[in-house]
Amino acid sequence: MYEERLYRNSIKDTKLTSYEVIVKETDLFVRTDTDLKTKVENSVVKYRFQLENYINSHKDFSGALAPLPVDELAPKIVRQMAQAGKRAGVGPMAAVAGAVSEFVGRDIDAFSRNIIIENGGDIYLKTEVKRTISIYAGDSVLSHKVGILVKPEMSPLGICTSSGTVGHSLSYGRADAVCVISKSTPAADAAATATGNIVKSENDIKKGLVFALSISGVDGVLIIVGDKLGAYGDIELVKL
């Protein structure tokens with residue numbers, strides 16, 4: 001397991017069934033009421049097929065770092081990625097992990113009352129009980145020291161994290177963690193990326209918070225840089 005995936009071992013709740021689904025570059029950690037691995041794998045293959053076909057016929061899509069027009073003839077997952085990127089001012093691929101998490105989650109919605117799909121730090125969550133999502137912030141002293149409380153009535157929702165110090169995703173900033181919550185997981189993913197890009201140091205935390213909440217669809221944001229933390233919006237933090 002990649003070093004940045006070790007946070008998957010820190011789960012304390014044992015009531016749900018946990019399993020990984022890996023298809024090419026897609027690496028999901030899934031928790032559901034029962035084992036739905038085959039259904040999840042089939043769903044991932046379906047959406048990867050749609051994305052790969054679209055990317056192959058639209059060469060500017062995968063490398064775009066700025067918003068692209070929404071192609072109304074594209075598959076729904078492509079349209080939602082483009083819409084999320086447009087709202088946040090980033091390219092559509094900034095929303096790909098969150099989009100895959102949510103679309104797969106909705107495919108299995110009828111088969112589980114609780115669904116947690118984590119895709120490289122981007123989570124689609126449906127829950128019937130209160131849950132606390134621990135925030136992994138790399139080498140920060142605040143890593144796994146603070147969590148976001150999610151109540152059943154808030155779900156389904158997306159909780160997406162971007163980092164300039166952890167992982168391989170492109171970020172122009174240096175935040176240890178920028179975590180965004182939204183009813184749309186693609187929107188949360190794109191907003192986390194866009195916010196992370198402008199947070200170069202702890203002095204940018206306030207600017208990042210204000211920027212994130214200015215993006216349509218964002219409900220709350222948490223930013224960690226070193227030993228400093230800021231949060232804004234409809235977000236409830238708990239000490240771990």
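The values are calculated or read from the model by the stated rules, or taken from the named source; none is laboratory data. Because the structure is a prediction, the values reported are computed rather than measured. Positions of Cβ are generated from backbone atoms using ideal geometry, with glycine treated the same way; all protein chains shown enter the neighbour counts.
Counting the residues of segment 170-198 that are free of Cβ contacts under 8 Å to residues at least 60 places away in the same chain, part of a loop (DSSP other than H, G, I, E, B) and under 13 Å from the mean Cα position of the chain (by Cα) gives 1. Which is outside any helix (DSSP H, G or I) and farther than 24 Å from Ser112 by Cα, of Leu51, Leu28, Leu73? Matching residue, one of Leu51, Leu28, Leu73: Leu73.
Considering only residues that are part of a strand (DSSP E or B) and either closer than 17 Å to Leu222 by Cβ or among the β-branched types (Val, Ile, Thr) (or both), which ones fall in segment 125-151? Before the answer, list the steps.
Filtering segment 125-151 for residues part of a strand (DSSP E or B) gives 125-126, 131-134, 146-150.
Leu125, Arg131, Thr132, Ile133, Ser134, Val146, Gly147, Ile148, Leu149, Val150, listed by residue number.
The combined condition, being in a helix (DSSP H, G or I), surrounded by fewer than 18 Cβ atoms within 10 Å (Cβ to Cβ), modelled with pLDDT of 95 or more and not charged (D, E, K, R), is not fulfilled by Ala84. Which one is surrounded by the most Cβ atoms within 10 Å (Cβ to Cβ), of the residues in segment 54-70 that are of a type in the set (A, V, I, L, M, F, W, C) and part of a loop (DSSP other than H, G, I, E, B)? Once the filter is applied, the top-ranked residue is Phe61. Annotation: Cys160 fulfils all but one of (1) surrounded by 24 or more Cβ atoms within 10 Å (Cβ to Cβ); (2) assigned to a loop (DSSP other than H, G, I, E, B); (3) touching a Gly at 6+ places or on another chain (Cβ under 8 Å); (4) in contact (Cβ under 8 Å) with a residue 60 or more places away in the chain; the unmet one is (2). Is there a residue in segment 96-115 that is among the β-branched types (Val, Ile, Thr), under 17 Å from Pro156 (Cα atoms) and part of a strand (DSSP E or B)? Scanning segment 96-115 turns up at least one residue that is among the β-branched types (Val, Ile, Thr), under 17 Å from Pro156 (Cα atoms) and part of a strand (DSSP E or B). Tell me, yes or no, whether segment 121-135 has at least one residue that is of a type in the set (Val, Ile, Thr), surrounded by fewer than 24 Cβ atoms within 10 Å (Cβ to Cβ) and touching a Pro at 6+ places or on another chain (Cβ under 8 Å). The answer is yes; a qualifying residue exists.
Within segment 20-42, the residues that satisfy the criterion of being over 17 Å from the mean Cα position of the chain (by Cα), within 17 Å of Gly120 (Cβ to Cβ) and surrounded by 14 or more Cβ atoms within 10 Å (Cβ to Cβ) are Val23, Val40.
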